[in-house]
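A short worksheet on the structure shown next.
Nothing in this text is a laboratory measurement; each read-out follows from the coordinates by a stated rule. As the structure is a prediction and not an experimental result, all values here were calculated from the model. Note that we place each Cβ from the backbone using ideal geometry, even for glycine, and neighbour counts take in every protein chain shown.
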Amino acid sequence: MADENLQEPSAEERAKFEEDVLKAAQDAMKMEAEANAEASSEEASATQDSPADAQASETAEPAAEQAPSAEDSLKAELAAANDRNLRLMAEFDNFRRRSAREQLEIIETANGKLLEKLSEVLDNFERAFAAENKAKDLDTFEKGMQMIHDQFAKVLTDAGLEQLDPTGQEFDPNCHEALMQQPSEEIPENHVVTVFMKGYKLKNKILKPAKVIVSSGKA
């Protein structure tokens, strides 16, 4: 399991990290272009040197050997920028992997808690059926079944599940599935007469549309 104190980075932190990676890559490309331009300039200058310039260049060679050239400095800076870029990319890849792993752990933990509550409902069903085998008190058995039903409904409600019972409501194709139409003296046209099977939604997402019979108006 991930460290409990480790918090998922915000969208602003993600954007800042990606901006740093992009800037490092741009800096590396800029340094490489400058190094190439510097090298081209030095080559062009060398071809245009006069004999006197060549002699002066030969005289200055010992000093040049002692101090690094601008091209060497640019190459060193470019190598350092490339190294920083590679490290940033590696860190960002690790960051994405860690975030995905933590997200999966959060989902698994939530599912585990829900399944734990559902298992309690199953235990109560098994106890109720075991008691029914020993006693024929149907009233007590019915009350037990109602209690288990209420317990099960509460588990689902606490998990965010909402039941759809659109009886008498205007037909909505986004959350209702029309099985057929039938005339009705009481229910207006294009309204739900009967709910054949209730629907369910989780927060704002329809998990299962309600299957309904729709009024076609008065006969």
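Residue separation times 0.36 nm, minus the C-alpha to C-alpha distance between E32 and M145: what's the value? Please list the in-between numbers first.
Values: separation 113, 0.36 × 113 = 40.68 nm, distance 7.61 nm.
Length difference between fully extended and current span is 33.1 nm.
Where does the charge balance sit around D27 when Lys and Arg score +1, Asp and Glu -1, over other residues with C-beta under 13 Å from its C-beta? Each step should come with its number before you reach the end.
Working: positive: K23, K30, R84; negative: E19, D20, E32, E34, E77, D83.
Every neighbour counted, the sum reads -3.
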Considering only DSSP beta bridges with both partners in segment 163-219, what is the antiparallel share in %, to the nearest 5?
60 percent
Relative intensity, log₁₀ I(q)/I(0), of segment 163-219 from a Debye sum that treats every alpha carbon as a point, q = 0.20, 0.25 Å⁻¹
-0.61, -0.87
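Using 1/(1 + (r/R0)^6) with R0 = 30 angstrom and r between the beta carbons of K154 and F129, what's the FRET efficiency to the nearest 0.05?
On the way: r = 21 Å, r/R0 = 0.69.
After rounding, the FRET efficiency stands at 0.90.
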Residues in segment 191-212 near a label at T167, defined as backbone nitrogen under 15 Å from the 7 Å Cα→Cβ point?
192-199, 211-212
Too-long pairs where the Cα-Cα distance tops 29 Å, listed order kept, from K113/K203; K154/K205; K143/K205; K113/K201; K143/K218; K23/K75:
K143/K205; K143/K218
Residues whose modelled amide H sits under 5 Å from the amide H of D172, counting only those 5 or more places away in sequence or on another chain, are none
Once amide H atoms are built 1.01 Å from N in the peptide plane, which residues 5 or more positions from G217, or in another chain, come under 5 Å H to H?
S184, E189, N190
